[in-house]
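A.B. asks: Got a structure here, written out as structure tokens. Questions coming.
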Amino acid sequence: LLSFPTRRSSDLGLVNQKLILRGMSPEDRRKITLSVTTTGSAIVNSARTNARSTLAEKMKNLSDSDLQSILQAMQLLHLIFNDQGKQDSQSVVSGG
């Protein structure tokens with residue numbers, strides 16, 4: 001979580017780079033809306049593609065057993081970080 005001043009300055013940098021658009025909520029002038037531009041979205045998609053390629057390259061020589069272990073760990077992390085899975089992850093972590 002970023003503080004409001006930190007977030008605001010980073011938001012402005014992203015606005016200046018035309019990666020996000022900043023607006024005001026029509027319902028509440030105190031709220032600021034942020035939306036990703038086409039350029040910003042393209043950068044995020046490119047970063048994801050590069051990350052996937054890097055991971056695939058680093059993992060290509062792992063055994064099936066190691067890959068299965070990584071998959072199980074990722075599924076557990078998904079449960080832990082997903083609001084609806086908080087209860088479920090407790091039972092998985094404790095073995096219950």
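The values are calculated or read from the model by the stated rules, or taken from the named source; none is laboratory data. Since the model is a prediction, treat every value here as computed from it, not as a measurement. Cβ: placed from backbone, ideal geometry, glycine included. Neighbour counts: every protein chain shown. Only protein heavy atoms, including side chains, enter the accessible area calculation; ligands, DNA and RNA are left aside. Shrake-Rupley method; radii C 1.70, N 1.55, O 1.52, S 1.80 Å.
A.B. asks: All but one of (1) in a helix (DSSP H, G or I); (2) at pLDDT below 90 hold for GLU27, so report the exception by its number.
C.D. replies: Against the list (1) in a helix (DSSP H, G or I); (2) at pLDDT below 90, GLU27 comes up short only on (1).
A.B. asks: For region 45-63, name all the residues that are of a type outside the set (Gly, Ala, Ser) and surrounded by 10 or more Cβ atoms within 10 Å (Cβ to Cβ).
C.D. replies: Within region 45-63, ASN45, ARG48, THR49, ASN50, ARG52, THR54, LEU55, MET59, LEU62 qualify.
A.B. asks: It is to be established whether one or more residues within region 16-27 are under 28 Å from MET74 (Cβ atoms) and open to solvent by 70 Å² or more (accessible area, probe 1.4 Å).
C.D. replies: no
A.B. asks: Let me ask you something else. Taking LEU76 and the conditions (1) part of a helix (DSSP H, G or I); (2) open to solvent by less than 70 Å² (accessible area, probe 1.4 Å); (3) modelled with pLDDT of 95 or more, which numbered condition does it fall short on, given that it satisfies the others?
C.D. replies: (3)
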